[in-house]
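Trainee: Quick one: the structure is below, and I'll ask about it shortly.
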Amino acid sequence: GEKSTNNDDKLKSAPWEDIEAIAEGTTVNFMMWQGSTAINDYINNYVVPSVKGKYNINLQISGGQGPEIVQLVMGEKQADIEQGQVDMVWINGETFFQLRKVKGLWGPFVEQLPNASLINFEDSYISTDFQQPVNGMEAPWSINQFAIVYDFEKVPNPPKNIPELKNFIKEHPGTFTISNDFTGMTLLKSFMAELGGGPNVLDGAFDENKYKQLSQKLWKFINDNKQYFWKEGSTFPKEQSKMNQLYANGELLIAYGFNEGGIEDKVLTGLYPESTKGYAWSNGTIRNSNYLGILYNSPEKAGAMQVINFLLSPEAQLKKADAKGMDSNTVLAMDKLDTEWKDKFLDARKRQYGPTLKELEVNAIAEPAPEYMIRLYEDFRKNVIEN
Amino acid sequence: MRIKKLNIGILLFVLVGVVPFAAAFIYALLYSFGIIGVANDGFTLQFWESVITSGTFFKSFGYSFLIALVAVAISVGGALWITLKFRQQLETRFMSFIIYLPLAVPGIVTGFFTFQLFSKGGFFARISHKLGFITEASQFPDLVNDGLAIGIIFSFLTMITPFFVLLFLNVYKNERVEELSILAQSLGANANQISRRVFLPILLKKTWVLIVLYFIFLLGAYEVPLILGQESPQMLSVLIIQEIKQYDLDKISEGYVVAVLYTLIVSVAAILLFLPKRKRAYAT
Amino acid sequence: MFLEVQHIVKSFGDEKVVKDLNFSLSAKHTLSILGKSGCGKTTMLKTIGGLVPPDSGKILLNGEDITETKPEKRSIVYLYQEDLLFPHLNAFENIAFGLRLKKIPEGLIKEKVEHMLHSLELEGQADKMPTQLSGGQRQRVSFGRAISTNPSLLLLDEPFGSLDTGTRKRMQELFKKLTEEFDITSLFVTHDLKEAVLMGNQIGFMQDGVLKVYEDKKDFIQDPQTGVQSEIEFWGGLL
Amino acid sequence: MFLEVQHIVKSFGDEKVVKDLNFSLSAKHTLSILGKSGCGKTTMLKTIGGLVPPDSGKILLNGEDITETKPEKRSIVYLYQEDLLFPHLNAFENIAFGLRLKKIPEGLIKEKVEHMLHSLELEGQADKMPTQLSGGQRQRVSFGRAISTNPSLLLLDEPFGSLDTGTRKRMQELFKKLTEEFDITSLFVTHDLKEAVLMGNQIGFMQDGVLKVYEDKKDFIQDPQTGVQSEIEFWGGLL
Amino acid sequence: MRLNWKPFVLSLVVLLILFPFVYLVFLSLASEWRFPDVWPSYIGFKNWVTVFNSEAGLLKSFFSSLVISLSVAVFSTTSGFLISKAVFYHPKKRVLTLLAYFPYILAPVVFAACLSFFFLKMGLFGNMTGVVVAQFIIAFPYALLFFSSFWNEKVKSYEDLVATLGGNKWQTYTKVLLPLAKGLILICFFQTFLISWFEYGLTSIIGIGKVQTLTIKVFLFIKEANYFYGALSCCLLIFPPVVLLYFNKRYVFKKFV
Ligand SMILES: Nc1ncnc2c1ncn2[C@@H]1O[C@H](COP(=O)(O)OP(=O)(O)OP(=O)(O)O)[C@@H](O)[C@H]1O
Ligand SMILES: Nc1ncnc2c1ncn2[C@@H]1O[C@H](COP(=O)(O)OP(=O)(O)OP(=O)(O)O)[C@@H](O)[C@H]1O
Ligand SMILES: [Mg+2]
Ligand SMILES: [Mg+2]
């Protein structure tokens, strides 16, 4: 145990050539969400063969998102497993917060990655996750913004603020809802910011008073208008995916989600109608990044670093930005790239249906402190669902 | 010699059938008191307190209980009826294959399928729209994710009724119910009396244990209520997993409290139900 | 004639088990039937009871053609050769079964069944389940159940085969008493010559799928085929 | 003595079924056993066969204490009262069963079983499954299965109860022939007085859980309790 | 003549049973199908092509699923049959049976969550052996209870009969017990195969996605947004057992139903 910890510590300061040497020929386990064909296609048919070819690394993918990763880490901690089963994970702020809490991440490691130099860490949407500085404990993989999704043929004028939403659901009862998960709570955070009077109201550390005051207003708004929600507000979809299905089959007129609503992919696969569009709330919606981390007991930390470095390379990021493919926004800063790559990025296939990150930029809000999320979960259940 | 041989079997049984359960239960118990768990720091009653005072568990338990009860009652009733009326027809080669088919459909597929059919934008809603019964999706009746758990119960029915039909057909054969029925007839029983005094008691007596087990199985069902259930009250497994996987790591133990409470209640019920020597039970 | 059986034929595959069965029986009479093992006695009874459909022929009960009638509509009780008891009921309830169907008041049922248990020499066995009874006890329970419903036609397939001589004798007496009391007509298959002679108003001998009914018991006793003569010899020789 | 049974006691619950059973039997002898229905005959045989553990007492076979020996090691064959045939095997295979266990060559089995089927008057029934056989045919198959293994001790529980007089006689002769040929010792439970007299070298009468073995057949015939006398009277009266 | 309603009801039942299979296949071929359209605007193999292209190693998953499920079915059916005999002939049968119920009482998902710790400790994590053992623990009590009704007085009599005819334990099994239980054994095999085939929660925890069974591969799609892919996944899940059932039916149905 002692020795491997020492070796791991050395990795943090080792020159990249050493790391590359250690990484050569290793098998790296990557746990990630596998629920999309576009993402699986990118990973299985591009990333896996590429790292094999370039670095002779066997990249093995296992399925699992936030809760599974947290459970795995907690389980392995509990059982004192020194050689963990998973090396690297794909996480968002929610999981980052949880993993930090149980000290499940290894790092900092980001600065050592050669491709990290192409990322603008000045950008607070990249360097701060859930109001917590990332500090090199996780590498940004892509950046995206929460967006509202609608069908412009059915709804020519979608609501852009709370009063408009109120009128909209009175006109179209049963066509709007809040998913009782990360996505729904994120929407509620933007609502809370709006009720507080501006996009930056929730910035900074958690403020109990502010929360109490604003959430009161929020619950009042929801409860007063619940009867116009989906199923008259008697219940709410458990997950965002369920809400998306309801939108897809025509039950809901409005949906929402990260990754600019995930519209492009869903239209291309025939789930959403081609008349689907996305936009940002006028008071702003949350913009954040998602990240790649290395677990505290990863047996192949060097291999994982190598893979992450590859994932941050212009080549991999460009491929990932393809609107017909995984369609995610690069975290690379255009001004740090060679012109050759810059041009390629500018020439990359553009979205046909979904909004671009640029279009939403003006209405971006930073993710508030994690405590807001915890409290919203609890109080949404107490004050709305069980009410 | 004879005794010794049996004991190896029993030993294996305990090893595979009992030890894992006991270990899992103890693990959950320790977790519920905060004794283990990475995010916990030592023994506390706080999780038990908060679960018991919030009342969510008991609501959930009652809700699950009712759903499982209704589903088991209807499907046992239906399966008995089918066995009674269609026994001969079901024995043909084609039918005997057909009735096995539903066993190849797992809960998650049933849930998925039920949702596709019965949601407000689903298959039947579209047909209703085409036929002019409704003009908008929201007018379609609430059949999934609904308060009365219609969708869940429907799924449960399609899952367990075929099983019960197969079970009853078998018992019917093995216990010579056919011959006993004819005997009862010649003793003057009419069709109704045969069902009540021969068919039902023999079949139910032979199978009640399995019926109770299926009830428990439904009580702890996860996938179907996850897809078709509502947010409050939820069925127990959904509640437990939600708590265990929750965002707030400090409260994960509450999930284990619910699990332990649930296990205790059902165990006590099972002991009361199964253990007393039943006077009329005949050797099986 | 109460029961008339006309030209009944029944085969299993190529094997003609019952060939042209013809006989009739007056009401309140008992016809004893003897015959070699496997000669078709059980098949005949089951055909009359409606449990096995005949290939051809006719059965009349009280002048009515019942060949196509379902077993439960025939008001004929068939007593199985093997003792078929309801596995979920104890001895008491097995006997009470037919009575309960008739909605007889509880008190009366209890009285009747207890009386029957007493006559069957089964006191103290009332609460036993079928698997806990001895072979002869099961047979008696099954007999008691059949006879306590007072059927108009009773088909008995070796009802006392597993009983010792003493018990058998008392059961025979019980049977006689009850058939007289309740005007029961019956076919009585047995392998016991003595029993056949004692129980039957008439005696039939089945051979090669054909039933020969003796007009008179005398004829039966004198017929060397039946084995009565050798029996007389045997017992005489023991003196 | 070949078989010695000493102080065997067996109760079911409160009911003492076998009380202090004591008897012995020489090799190659047959002991006929009579007794009232439910008196404990089956229980006694099962205890000797090792299928029911006695509450106390001792069983010696050939001088060796076998009370704790497993049934398959006793080389005692018990023939069930009800005809218990393997439902998945036809008549031929049921009879061949014991032989197959001994890994006798196929040709020999075929020969032996066919011979046995012939002796049992079951030609043409070889391919039938148990449910297709008549009561008496089943009983004969089950008898044939038991005896074809040539056990050293054979326990028969009413082996011929469902047979007609003629067949029964021939089976009795077959049994005599085979026991002599293969030196089989046996206990023979029957309800038929004649059979008891014919088959047994000795006769035992079971009552109240105790077996009384008559020294001499004469004593048995003269004992009014056994019913032989009334039988003699009956048949004499028919003349 | 009274109208005979049975054939109608029966036909309806057949339709109801077949409908899901047909509908799922249909849905997996559809695309762009929304309320209130009664007919999809696209029918074709687009979804199948996309999924088979993006999901590398589907075939490999299929075979590892097959290996796992067959092992679990074989182990649990065999041990269930053998051990159930010891349990249901034991004088303390009632207590033992009760103990066998308990794994059911602890809801399966919870059972899985609690067991993972011990699997981690024993090094049975993230490999095929671990998954087989874990699924075996779930399937075993099922198999055990499944055979409870088999061990009755009658079977005991057959066993005794073999014993008095001089047969040893092995012969009792091969010549009588197994042939008698053949139908039940096949059904139990099929059921435990299904338990293993459909097992998701436990497999995903113990196998942590490294043991990629078919179920693990396709499960996400059922839950995720694109229900056309979901239907496709359902097809992948349910048709292999149906095929197995079809090939099995000759054996199963003769003896059974
Ligand atoms: N398993 C059991 N549980 C309780 N009582 C039993 C059991 N087996 C037998 N008995 C009782 O023990 C007594 C003797 O039974 P046994 O079968 O030995 O009689 P038997 O002499 O063979 O009678 P029969 O001639 O009628 O076959 C009967 O009263 C019977 O009810
Ligand atoms: N289902 C069947 N299939 C084929 N053959 C059968 C079937 N039932 C009876 N048999 C045959 O028909 C013949 C007559 O059988 P049945 O049972 O009527 O005889 P039985 O006179 O009652 O004989 P026992 O006195 O031995 O009971 C026998 O040879 C028997 O094997
Ligand atoms: Mg017969
Ligand atoms: Mg007996």
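The values are calculated or read from the model by the stated rules, or taken from the named source; none is laboratory data. Not measured: the values here are computed from a predicted model. In this analysis, Cβ positions are derived from the backbone assuming ideal geometry, glycine residues included, and neighbour counts consider all displayed protein chains. Ligands, DNA and RNA are stripped out before the accessible areas are found, and what is left, the full protein with its side chains, is counted by its heavy atoms. Shrake-Rupley method; radii C 1.70, N 1.55, O 1.52, S 1.80 Å.
Trainee: Can you give the mean number of other chain Cβ atoms that lie within 10 Å of the Cβ atoms in peptide B:125-131? Walk me through the intermediate numbers first.
Mentor: Details: counts 5, 9, 2, 1, 5, 4, 1.
The per-residue average across the peptide is 4.
Trainee: Related question: Quick one: with label points 7 Å out along Cα→Cβ, list the inter-copy distances for D:Asp14 in nm, shortest first?
Mentor: Ordered by increasing distance: 6.1 nm.
Trainee: Springs between alpha-carbon atoms under 10 Å, Gaussian network over chain E: tell me which of E:Ile216, E:Ile185, E:Ile43 tops the mean-square fluctuations.
Mentor: Most flexible of the set in this elastic network: E:Ile43.
Trainee: A further question on this structure: According to the square roots a ≥ b ≥ c of the eigenvalues of the Cα gyration tensor, what is the shape class of the stretch A:1-122, taking rounded for a/c under 1.5, prolate for a/b larger than b/c otherwise, and oblate for the remainder? Mind showing how you got there, number by number?
Mentor: On the way: a/c = 1.34, a/b = 1.02, b/c = 1.32.
It comes out rounded by the Cα gyration axes.
Trainee: Something else: Please give the solvent-accessible surface of A:Lys350 in Å², to the nearest 10, using a probe radius of 1.4 Å with every protein chain present.
Mentor: 120 Å²
Trainee: Give the whole-number value, in cubic angstrom per residue, of the convex hull volume spanned by the C-alpha atoms of the stretch B:31-92.
Mentor: On the way: hull volume 7.7 nm³, N = 62.
About 124 Å³ per residue, rounded to a whole number.
Trainee: Summing Lys, Arg as +1 and Asp, Glu as -1, what charge do residues with Cβ under 9 Å from the Cβ of A:Lys238 carry, A:Lys238 excluded? Intermediate results must be reported in sequence, preceding the final value.
Mentor: On the way: positive: A:Lys242; negative: A:Asp181, A:Glu239, B:Glu231.
Overall, the nearby charge balance is -2.
Trainee: Compute the accessible area of each residue in the stretch A:232-254 twice, once for its chain alone and once with every protein chain present, using a 1.4 Å probe on heavy atoms, and list those whose area falls by at least 40 Å².
Mentor: Residues losing area: A:Thr235, A:Lys238, A:Ser241, A:Lys242, A:Gln245, A:Asn249, A:Glu251.
Trainee: Most mobile of C:Pro87, C:Pro130, C:Pro159 per a Gaussian network model of chain C (Cα springs, under 10 Å)?
Mentor: C:Pro87
Trainee: With all protein chains present, calculate the accessible area of A:Glu68 using a 1.4 Å probe and round the result to the nearest 10 Å².
Mentor: Solvent-accessible area, nearest 10 Å²: 60 Å².
Trainee: Which distance in nm do the two modelled labels at A:Lys52 and A:Thr339 give, with both placed 7 Å along the Cα-to-Cβ direction?
Mentor: A separation of 3.9 nm, rounded to one decimal place.
Trainee: In the stretch D:7-49, what residues drop by 20 Å² or more of accessible area when the other protein chains are put back, versus the chain on its own? Use 1.4 Å, and skip ligands and nucleic acids.
Mentor: D:Glu15, D:Lys36, D:Ser37, D:Gly38
Trainee: What total accessible surface area, summed over both chains, is buried at the interface between chains B and E, computed with a 1.4 Å probe and given in Å² to the nearest 100? Spell out each step's value before the answer.
Mentor: Working: alone 17680 and 15780 Å², together 26020 Å².
The B and E chains share an interface burying roughly 7400 Å².
Trainee: Expressed in nm², what is the orientationally averaged projection area of the convex hull enclosing the Cα positions of the stretch D:24-153?
Mentor: On the way: hull surface 37.3 nm².
Mean projected area for the stretch D:24-153: 9.3 nm², to one decimal.
Trainee: Still on this structure: Per 5 Å bin, what is the whole-percent P(r) computed from every C-alpha pair distance within the stretch D:124-239?
Mentor: For the stretch D:124-239, the binned pair fractions read 2, 9, 18, 20, 19, 15, 9, 5, 3, 0 percent.
Trainee: While we're on this one: With 10 Å bins from zero, work out the P(r) of the stretch E:130-229 over every alpha carbon pair and list the percent per bin.
Mentor: So the P(r) values, bin by bin, are 14, 31, 23, 17, 11, 4, 1.
Trainee: Between chains D and C, what is the buried accessible area in Å², counting both sides, with a 1.4 Å probe and ligands, DNA and RNA left out, to the nearest 100?
Mentor: Working: alone 12180 and 12200 Å², together 21250 Å².
So the total buried area for this chain pair works out to about 3100 Å².
Trainee: Take the Cα atoms of the stretch B:55-283, find their three principal axes, and give me the spread along each one in whole Å, biggest first.
Mentor: Principal-axis extents of the Cα atoms in the stretch B:55-283, largest first: 66, 53, 27 Å.
Trainee: Please calculate how many Å² of accessible area chain B carries per residue, with a 1.4 Å probe and no DNA, RNA or ligand atoms counted. Don't skip to the end; give the middle numbers.
Mentor: Working: 11380 Å² over 284 residues.
Accessible area per residue: 40 Å².
Trainee: A further question on this structure: Identify all lysines with a Cα-Cα distance to C:Lys194 below 16 Å; exclude those on the same chain that are fewer than 8 residues away in sequence.
Mentor: Hits, sequence-local ones excluded: C:Lys36, C:Lys169, C:Lys176, C:Lys217, C:Lys218, D:Lys169, D:Lys194.
Trainee: Mind checking the full-extension length gain between B:Ile127 and B:Leu200? Use 0.36 nm per residue of separation minus the Cα-Cα distance, one decimal, nm.
Mentor: Values: separation 73, 0.36 × 73 = 26.28 nm, distance 3.99 nm.
Net length gain for the segment: 22.3 nm.
Trainee: Could you work out how far helix A:370-379 tilts from the main Cα principal axis of chain A, as a 0 to 90 degree angle to the nearest 10?
Mentor: 40 degrees
Trainee: Mind pulling the per residue volume of the convex hull built on the Cα atoms of the stretch E:114-170? Å³ is fine.
Mentor: Details: hull volume 6.4 nm³, N = 57.
With only Cα atoms used, the stretch E:114-170 gives 113 Å³ per residue.
Trainee: Consider just the alpha-carbon atoms of chain C and return their Rg together with their Dmax, both in angstrom.
Mentor: Radius of gyration, then largest Cα-Cα span, for chain C: 18.2, 55 Å.
Trainee: Turning to a different aspect of this structure: What FRET efficiency would be calculated for the residue pair B:Thr135, B:Phe43, taking the C-beta separation as r and a Förster radius of 56 Å, to the nearest 0.05? Please list the in-between numbers first.
Mentor: Working: r = 60 Å, r/R0 = 1.08.
About 0.40, to the nearest 0.05.
Trainee: Here's a follow-up. Calculate the tail of P(r) for the stretch A:1-64: the fraction of all Cα-Cα distances greater than 13 Å, expressed in %.
Mentor: On the way: 1413 of 2016 pairs.
Counting pairs separated by more than 13 Å, the tail of P(r) holds 70 percent.
Trainee: Also, I was wondering about something else. In chain B, which whole DSSP H runs stretch at least 20 Å along their own axis (Cα) and average 1.0 or higher on the Kyte-Doolittle scale? Walk me through the numbers before you get to the answer.
Mentor: On the way: long enough: B:56-90 (48 Å, 1.14); B:150-174 (35 Å, 1.64); B:200-219 (26 Å, 2.09); B:252-274 (33 Å, 2.13).
Helices meeting the criterion: B:56-90, B:150-174, B:200-219, B:252-274.
Trainee: Taking all protein chains as present, what is the carbon and sulfur share of the accessible area of the protein assembly as shown, in % to the nearest whole number, probe 1.4 Å? Walk me through the intermediate numbers first.
Mentor: Numbers: 30790 of 54500 Å².
Using a 1.4 Å probe with all protein chains present, the protein assembly as shown comes out at 56 percent carbon and sulfur.
Trainee: Hey, can you list the DSSP H helices of chain E whose Cα span along the axis is 27 Å or longer and whose average Kyte-Doolittle score is at least 0.5?
Mentor: On the way: long enough: E:6-29 (34 Å, 2.38); E:58-88 (42 Å, 1.50); E:178-198 (29 Å, 1.72); E:227-255 (40 Å, 0.86).
Both cut-offs are met by E:6-29, E:58-88, E:178-198, E:227-255.
Trainee: Please compute the contact order of the stretch D:86-186 in relative form: average sequence separation of alpha-carbon pairs under 8 Å and at least six residues apart, divided by the residue count, as a percent.
Mentor: Values: 92 pairs, mean separation 31.1, N = 101.
Relative contact order here is 31 percent.
Trainee: Can you pick out the pairs among A:Lys231/E:Lys223; A:Lys54/A:Lys242; A:Lys54/E:Lys121; B:Lys59/E:Lys210 whose Cα atoms lie more than 28 Å from each other?
Mentor: Listed pairs above 28 Å: A:Lys54/A:Lys242; A:Lys54/E:Lys121; B:Lys59/E:Lys210.
Trainee: Compute the separation of the alpha-carbon centres of the stretch B:122-155 and the stretch C:209-239 and state it in Å as a whole number.
Mentor: Answer, in whole Å: 81.
Trainee: Provide an ascending nm list, one decimal, of label-point separations from D:Pro224 to the equivalent residue in each further copy; define each label point as 7 Å from Cα along Cα→Cβ.
Mentor: For D:Pro224, the other copies' label points sit at 3.8 nm, shortest first.
Trainee: For A:Phe229, C:Phe234, what's the largest-to-smallest order of accessible area, 1.4 Å probe? It would help to have the intermediate numbers written out before the result.
Mentor: Numbers: A:Phe229 0, C:Phe234 40 Å².
Output order, biggest surface exposure first: C:Phe234, A:Phe229.
Trainee: Next up: Taking a temperature of 10 °C and a viscosity of 1.306 mPa s, what whole-number D in µm²/s does Stokes-Einstein yield for the stretch A:124-232 with Rh from Kirkwood over alpha carbon pairs? Don't skip to the end; give the middle numbers.
Mentor: Working: Rh = 16.0 Å.
Approximately 99 µm²/s, per Stokes-Einstein.
Trainee: How large is the charge dipole for the stretch B:55-283, taken about the Cα centre, if only the Cβ atoms of Lys, Arg (+1) and Asp, Glu (-1) carry charge, to the nearest 20 debye?
Mentor: Values: 19 positive and 13 negative charges, 233 e Å.
Dipole of the stretch B:55-283, to the nearest 20 debye: 1120 debye.
Trainee: What are the nm distances, shortest first, from D:Asp55 to its equivalents in the other copies, labels at 7 Å along Cα→Cβ?
Mentor: In ascending order, 5.7 nm.
Trainee: Then there is this: What residues of the stretch D:168-197 lie in the reach of a label at D:Asp219, counting those whose backbone N is under 17 Å from a point 7 Å from the Cα along Cα→Cβ?
Mentor: Residues D:197 qualify, since their backbone N sits under 17 Å from the label point.
Trainee: For D:Glu82, tell me the accessible area in Å² from a 1.4 Å probe, rounded to the nearest 10.
Mentor: Surface open to solvent at D:Glu82 totals about 80 Å².
Trainee: Let me ask another. In vacuo Debye scattering of the stretch A:293-360, one point per C-alpha: log10 I(q)/I(0) at q = 0.11, 0.29 Å⁻¹?
Mentor: Values, matching the q order: -0.34, -1.29.
Trainee: If a/c stays under 1.5 just call it rounded; otherwise compare a/b with b/c (prolate if a/b is bigger, oblate if not). Do that for the stretch A:56-151, with a ≥ b ≥ c from the square roots of the Cα gyration tensor eigenvalues. Let's see the in-between values first.
Mentor: On the way: a/c = 1.60, a/b = 1.31, b/c = 1.22.
Prolate.
Trainee: Sorting A:Lys12, B:Lys120 by accessible area (1.4 Å probe), largest first, what list results?
Mentor: Values: A:Lys12 70, B:Lys120 25 Å².
Output order, biggest surface exposure first: A:Lys12, B:Lys120.
Trainee: Probe radius 1.4 Å, ligands and nucleic acids left out: which of B:Tyr222, C:Tyr80 has the largest accessible area, and how do the rest follow?
Mentor: Values: B:Tyr222 45, C:Tyr80 20 Å².
Solvent-accessible surface, decreasing: B:Tyr222, C:Tyr80.
Trainee: Taking Cα pairs under 8 Å and at least six residues apart, what relative contact order does chain B come out at, in percent?
Mentor: In percent, rounded to a whole number, it is 27.
Trainee: OK, next. Over the alpha-carbon set of chain E, divide Rg by the Kirkwood Rh and report the Rg/Rh ratio to two decimals. Show your work: numbers first, answer last.
Mentor: Numbers: Rg = 22.4 Å, Rh = 21.2 Å.
Dividing the radius of gyration by the Kirkwood radius yields 1.05.
Trainee: Per residue, how big is the convex hull of the stretch A:100-175 when only Cα atoms are used? Give it in Å³. Can you show the working numbers first?
Mentor: Numbers: hull volume 13.0 nm³, N = 76.
Per residue, the Cα convex hull of the stretch A:100-175 comes to 171 Å³.
Trainee: Build a GNM of chain A with springs between Cα atoms under 10 Å: which of A:Lys212, A:Lys277, A:Lys301 gets the top mean-square fluctuation?
Mentor: Per the Cα network of chain A with a 10 Å cutoff, A:Lys212 tops the list.
Trainee: Calculate I(q)/I(0) for chain A by the Debye formula, one identical point scatterer on each C-alpha and no solvent, and give its log10 at q = 0.07 Å⁻¹ to two decimals.
Mentor: Per q value, in the given order, log10 I(q)/I(0) is -0.33.
Trainee: Now, a different point. Cα-based Rg of the protein assembly as shown per 2.2 N^0.38 Å, rounded to two decimals? Don't skip to the end; give the middle numbers.
Mentor: Details: Rg = 39.8 Å, N = 1406, 2.2 N^0.38 = 34.6 Å.
Normalised by 2.2 N^0.38 Å, the Cα Rg of the protein assembly as shown equals 1.15.
Trainee: Shifting gears a bit: How high is the relative contact order of the stretch C:114-239, in percent, with contacts defined as C-alpha pairs under 8 Å that are six or more residues apart?
Mentor: Working: 102 pairs, mean separation 20.5, N = 126.
Relative CO of the stretch C:114-239 lands at 16 percent.
Trainee: Using the basic label-point model (7 angstrom from Cα toward the beta carbon), what is the A:Lys103 to E:Met128 distance in nanometres?
Mentor: Inter-label distance under the simple model: 3.8 nm.
Trainee: Which residue, B:Leu166, B:Ile150, B:Gln185, has the largest displacement toward the positive end of the dipole of the stretch B:127-284 when charges sit on each Cβ (Lys, Arg +1; Asp, Glu -1)?
Mentor: Farthest towards the positive pole: B:Gln185.
Trainee: Per residue, how many Å² of accessible area does chain A show with a 1.4 Å probe?
Mentor: Working: 14180 Å² over 387 residues.
On a per-residue basis, 37 Å².
Trainee: How big is the dipole moment of chain C about its Cα centre under a simple scheme where the beta carbon of each Lys and Arg is +1, that of each Asp and Glu is -1, and everything else is neutral? Debye, nearest 20, please.
Mentor: Working: 29 positive and 34 negative charges, 89 e Å.
Dipole about the Cα centre, nearest 20: 420 debye.
Trainee: Then there's this: Restricting to bridges with both residues inside the protein assembly as shown, how much of the DSSP beta-bridge set is antiparallel, in percent to the nearest 5?
Mentor: On the way: 65 of 112 bridges.
About 60 percent, rounded to the nearest 5.
Trainee: Which value in nm describes the separation of the simple spin-label points at D:Ser26 and B:Ile52, placed 7 Å from the Cα toward the beta carbon?
Mentor: 8.1 nm
Trainee: Go through the stretch D:119-136 and flag every residue whose accessible area shrinks by 20 Å² or more with all protein chains in place compared to the isolated chain (probe 1.4 Å).
Mentor: D:Lys128, D:Ser134, D:Gly135
Trainee: Here's a follow-up. Would you mind giving the mean number of other chain beta-carbons within 10 Å of the Cβ of each residue in A:67-74, as a whole number? Spell out each step's value before the answer.
Mentor: Numbers: counts 6, 5, 1, 7, 7, 7, 1, 7.
Mean partner-chain Cβ count within 10 Å for A:67-74: 5.
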